[in-house]
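The next block holds one structure in the form of structure tokens; read it before the comments.
The values are calculated or read from the model by the stated rules, or taken from the named source; none is laboratory data. A quick note: this is a predicted structure, and the numbers were derived from the prediction, not measured. Here Cβ is always computed from backbone atoms with ideal geometry, including for glycine, and neighbour counts include all displayed protein chains. These area figures cover heavy atoms from the full protein model, side chains too; ligands, DNA and RNA do not enter into them. Shrake-Rupley method; radii C 1.70, N 1.55, O 1.52, S 1.80 Å.
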Amino acid sequence: MKDLKKTLYLGLGLAVKLLAGLFAVKLCAQLLGPEAFGVTGQLSSLLSVVSLLAGAGVSVGVTKVYAGSEFHPDSRGEWIKAAKWIVVLSAGLLSALLLLASWWIAEHLFREVEQAWWLIGGLVLAAFPIAYAAIGQGKINGSHRDDLYTISLVTGSILGLVGLWIGGIYLGPAGALLGMIWLPVAQAIVMSLFALRLAQPAASVEISISSLKTKTRFLLGYGALSIATGVVMPVVYIIIRLLIQKHSGNEIFGLWQATLRISEAYCQLPLLLLSVVLFARFAGSASLPLNFSKTARTYLFITCLMGCIAAFVYLTRTLWIEIVFTSDFQPMENFVPWQLAGDTLRIISYMGTTILAARGKVKICVFAEILQGALLLLLSVVLIPSYTQYGAYYAYIASYSLYFLFTATILVWHNRPSTPSHEA
């Protein structure tokens with residue numbers, strides 16, 4: 001019941017965010033059409049990479065610090081100082097790398113877009129506000145302030161939606177694509193501002209070098225998991241998109257990408273539950289033995305949630321395609337069931353990763369995520385030339401089936417009851 005209440009509460013905020021995202025998809029679909037719509041996928045992947053690398057994934061570590069009972073509240077000021085150093089340096093480094101790789105990005109990823117350099121410039125500028133918001137998000141999540149998270153999500157989405165609409169109306173396709181960049185930037189700015197409503201920790205004026213190093217290593221350790229989760233897969237999908245475009249043509253590529261856009265929308269609620277609610281909850285009890293009964297109920301809840309989402313999306317897929325896209329996108333209806341099957345396995349698999357990370361098994365989670373990305377890429381390279389876009393779905397379902405078995409086995413193994421020793 002507690003999970004259900006939090007789901008409904010977060011769902012209210014997420015609904016506004018989804019509407020903003022769907023409006024962006026609708027606007028881009030109308031202005032670009034199926035053949036050019038695929039570029040929105042490459043832009044989304046780059047935005048995901050920027051969002052994670054710019055902040056070095058510190059939001060997960062900050063959440064752990066604020067939620068974990070083993071961290072004294074008086075030490076939070078020093079943790080935030082360490083996090084600020086990380087996000088400033090990482091955002092600056094990422095901006096420099098984007099500028100160095102700008103020609104390749106414009107030539108290979110945005111070759112269908114005349115204003116490619118405007119998009120690259122937007123990504124560079126977006127790195128800093130998105131990076132700083134990672135600290136605020138970690139503070140809000142770790143403090144279990146679902147109300148602040150929801151309100152900031154609503155406010156930021158509305159602000160981003162206004163900018164997106166203005167860009168699309170006055171600048172056409174390029175304005176809509178720039179609006180896609182502005183949307184997460186607006187959400188990031190508002191998130192940082194709402195995090196200021198939390199009680200600010202009393203920090204010492206200075207932090208020792210040794211303490212800074214220790215805290216930086218800890219935050220980067222959890223950041224490695226966030227980066228592996230949020231960067232490995234977008235990079236893999238960049239390659240998969242190029243393979244589908246090569247073997248299926250631009251129209252099928254655009255339809256496949258449109259299916260992914262629908263997937264991103266309906267997966268946001270379960271992913272939000274994992275990162276905002278369940279991670280903080282399991283981190284708060286990490287010092288205690290894992291309650292397998294509670295864990296099983298959580299798995300069941302997530303499975304039922306995904307089942308309901310999958311059934312709803314499948315039964316209403318024709319309606320959503322008409323609402324979100326145009327009649328030209330109707331053939332993507334055949335792709336939706338495959339995407340739903342893979343997404344259900346993915347979300348259930350991430351349940352195990354969330355619990356393992358919350359209990360400090362970060363290295364295992366990083367290894368699992370990299371292994372999953374490599375497996376998906378390998379299967380896609382093998383299957384897409386023979387089965388075109390369906391090869392990508394076969395690879396998706398097969399790789400996450402194995403990922404689920406791996407994470408569930410590791411979760412049980414590392415939390416099995418210790419066998420008491422008996423003296424003769």
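Output the number of residues of region 282-340 satisfying the condition of being closer than 30 Å to G360 by Cα and aliphatic (A, V, I, L, M). Here the count works out to 9. Scanning region 116-145 for residues that are within 25 Å of A280 (Cβ to Cβ) and open to solvent by 20 Å² or more (accessible area, probe 1.4 Å) yields P129, Y132, Q137, S143, H144, R145. Could you tell me how many of the residues in region 271-289 are over 18 Å from I140 (Cα atoms) and in contact (Cβ under 8 Å) with a residue 40 or more places away in the chain? Within region 271-289, residues that are over 18 Å from I140 (Cα atoms) and in contact (Cβ under 8 Å) with a residue 40 or more places away in the chain number 3.
Per-residue answers, yes or no, for (1) touching a Lys or Arg at 6+ places or on another chain (Cβ under 9 Å); (2) farther than 24 Å from C304 by Cα; (3) modelled with pLDDT of 95 or more:
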residue: T354; (1), (2), (3): no, no, no
residue: G360; (1), (2), (3): yes, yes, no
residue: Y387; (1), (2), (3): no, yes, no
residue: I397; (1), (2), (3): no, no, yes
residue: N415; (1), (2), (3): yes, yes, no
residue: S418; (1), (2), (3): no, yes, no
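A Cβ distance below 9 Å, combined with a sequence gap of six or more or placement on separate chains, defines the contacts here; from region 206-222, residues that are more than 16 Å from E70 (Cβ to Cβ) and at pLDDT 80 or above reach residues that are open to solvent by 60 Å² or more (accessible area, probe 1.4 Å) and among the hydrophobic types (A, V, I, L, M, F, W, C) in the pairs L212/W85; T216/W85.
When L383, L379, L411, L402 are screened for being surrounded by 14 or more Cβ atoms within 10 Å (Cβ to Cβ), at pLDDT 90 or above and under 14 Å from G352 (Cα atoms), only L402 passes. Of F253, F292, all but one fail to be open to solvent by 30 Å² or more (accessible area, probe 1.4 Å), touching a helix residue (DSSP H, G or I) at 6+ places or on another chain (Cβ under 9 Å) and touching a residue at least 24 places away in the same chain (Cβ under 8 Å); the exception is F292. Taken over region 31-87, the criterion of being in contact (Cβ under 8 Å) with a residue 60 or more places away in the chain and basic (K, R) is satisfied by K64, R76, K81.
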